[in-house]
1. If the only charges are +1 at each Lys and Arg Cβ and -1 at each Asp and Glu Cβ, what is the size of the charge dipole of the chain around the Cα centre, to the nearest 20 debye?
2. Which of the peptides 22-33, 7-18 is most tightly packed, and how do the rest follow, going by the mean number of other Cβ atoms within 10 Å of each residue?
3. On a 1.4 Å probe surface of the protein chains, which of Asp102, Asp96, Asp140 comes out largest in accessible area, and what is the full order?
4. Using the Cα centre of segment 98-179 as the reference point, and only Cβ charges (+1 on K/R, -1 on D/E), how large is the resulting charge dipole? Debye, rounded to the nearest 20.
5. Once phi is turned into ³J(HN,Hα) by the Karplus curve 6.51 cos²θ - 1.76 cosθ + 1.60 with θ = phi - 60°, what whole-Hz value does each residue of segment 53-65 show in order, with x for glycine and proline?
6. Check His119: other-chain or 5+ apart residues with amide H under 5 Å from its amide H, H built from backbone geometry?
7. Shape verdict for segment 1-42, please, from the Cα gyration tensor: rounded (a/c under 1.5), prolate (a/b greater than b/c) or oblate.
8. Rounded, prolate or oblate: which fits segment 20-64 when a ≥ b ≥ c are the square roots of the eigenvalues of the alpha-carbon gyration tensor, with rounded for a/c under 1.5 and prolate only if a/b beats b/c?
Amino acid sequence: MGLNDEVGRRLRELRTARGLTLSELARRSGVGKGTLSELEGGTRNPTLDTLYALTTALNRPLSAVLADETPPHAGRHRGAVSGSAVTAALIERYEDGEAVTDVFRVTIAAGATQESAAHVAGTTESLMILSGTAVVGALDAPRSVGPGGSVRWAADTAHLYSAPHGEVHGVLFVRYPVTDL
């Protein structure tokens with residue numbers, strides 16, 4: 001089973017477990033019903049933005065729909081999802097009584113910027129830079145961080161990722177508080 005099929009199967013399971021119709025999840029997430037149907041059927045490539053919109057509407061972490069993946073090799077992401085600037089591969093998921101933490105190996109494309117919509121209330125993100133310099137964080141107060149540095153921000157508001165001076169590689173931690181996950 002490929003990534004598209006696995007993501008589709010998990011989306012459908014989460015949606016039905018919540019008792020939602022395709023139409024209702026499409027409405028809550030802002031993702032078109034046709035797109036959602038194609039994703040659930042495994043016939044459409046999922047984008048990072050679309051998956052975040054859907055998992056946020058389902059009140060679930062992104063890892064809930066991503067298949068377990070082996071760590072990427074040589075900086076290239078196998079089985080990764082991409083947005084307009086960010087490519088992310090899930091490398092770890094940790095869950096305890098307080099939160100679910102997803103750990104991603106990320107690449108931010110050179111010269112690109114991506115705005116990410118707000119995630120579930122109380123979510124935080126932390127990015128550790130392996131190479132390059134990124135501009136990340138809240139839309140109204142992004143911060144610049146270089147190799148070996150890290151930055152943390154509230155991800156329950158709109159935020160951005162940018163690589164103005166060349167490709168950036170890093171490790172992203174997304175921590176979702178346990179509510180009804």
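The values are calculated or read from the model by the stated rules, or taken from the named source; none is laboratory data. Nothing here was measured: the structure is a model prediction, and the numbers come from that model. All Cβ positions, even for glycine, are placed from backbone atoms using ideal geometry, and neighbour counts span all protein chains on display. Heavy atoms of the whole protein, side chains included, go into the accessibility calculation; ligands, DNA and RNA do not. Shrake-Rupley method; radii C 1.70, N 1.55, O 1.52, S 1.80 Å.
1. Rounded to the nearest 20 debye, it is 280 debye.
2. Ranking the peptides 22-33, 7-18 by packing returns 7-18, 22-33.
3. Asp140, Asp96, Asp102
4. The dipole magnitude comes to about 180 debye.
5. Taking θ as phi minus 60°, the curve returns 4, 5, 5, 5, 5, 8, 6, 10, x, 4, 4, 5, 10 Hz for segment 53-65.
6. Excluding prolines and chain starts, which carry no amide H, the hits are Asp156, Thr157.
7. oblate
8. The shape class here is oblate.
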